[in-house]
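FYI, it's all coordinate maths here, none of it is from the lab. The model shown is predicted, which means the values in this text are computed figures rather than measured ones. Every residue, glycine among them, receives a Cβ derived from its backbone with ideal geometry; neighbour counts consider all protein chains shown.
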């Protein structure tokens, strides 16, 4: 089942929007952290300045003055620290900022030369960021959403602009006929990755067009070059048949001429079938009710020379006495290939035919097919150690079966069974 289609433009928009949301969140976190840092630095500087004033006054007068700021107080023992954070300040002597009860907030300054002197600043009224934190976060969220919407609109325009050449390329090459492949279209695309893809497709389509033209020329040449000598053979045999009827002709000559004539007709049918396959023609219009048993018997007789001096028995089951709707010449070529293979490789035993569930089975008691070749035996050029051919027979059979919509299966163990499942 093909995977679900995902639009490249939609992916660009989605990823652009996700990236914008991510950047907005990071920016919001950084903005909040910066606001907290600036606020703390401002308070810390105020406390430090007051501590320096108090220290300088003590050093000059010998007495600690009263802090100038109302929210600050000077303490001379850890026991005098506010209950809100006394225990925490004792456990963490290097900490400067503390949170108290009822949203109170403290900054603590320790005098390094006077370990028992502390400057405590209760800065709850000076805080600006923390009281407005909810509104600040709301502002950042709304501004982030607005930025995301603008970014998505920009991404939509970028996505459309980016994918437009790709859509044009798809429309150009989609469902084109082999005889009208587009040419010289890459120059109309931008000089980027899409242009490179268009150039690659143009080169590939050019090679395909050249291959199609070569195949068309080959088919026409084969059609002319093979049919002409076959026609000459048939004409020559017909002339010899006239001579055969004269009293001077021997019986053996008569048999030889009959064999030549029949072989010529068989070659002509085979060539027509293979040319039809090469042209990718569909032969349903040539299909007709065909007597399967008669066709099998005819193919067996045509290949009887392969049985010379071999103790082989051929069985054609009564189930083969059926009519199948098919193109008889195609089926004859298939049967000739399968039967000739069976007759070649069986030295002693049987070759039997049966028809069950719309499938024709040809079973022999030959040596069978090598296990490592069984899955690929219908591929071109694949043949076993005992084969004397080029490995094209079963490949042609397979292509003809695919062309006709028939099923083909090859099973081998003690002998080989080939089954043809006809389309209903």
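So the values come out like this:
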quantity	calculated
Computed E for residue 158/residue 215 - FRET, C-beta separation, R0 60 angstrom, nearest 0.05	0.85
Mean Cβ neighbour count within 10 Å, used as a protection proxy, ranking 356-369, 134-147 highest first	356-369, 134-147
Pair residue 147, residue 315: separation of 7 Å Cα→Cβ label points (nm)	8.6 nm
Segment 47-128: C-alpha gyration tensor shape, a/c 1.5 cut-off, then a/b vs b/c	oblate
Cα gyration tensor category, rounded, prolate or oblate, for segment 1-140 with a/c compared to 1.5	prolate
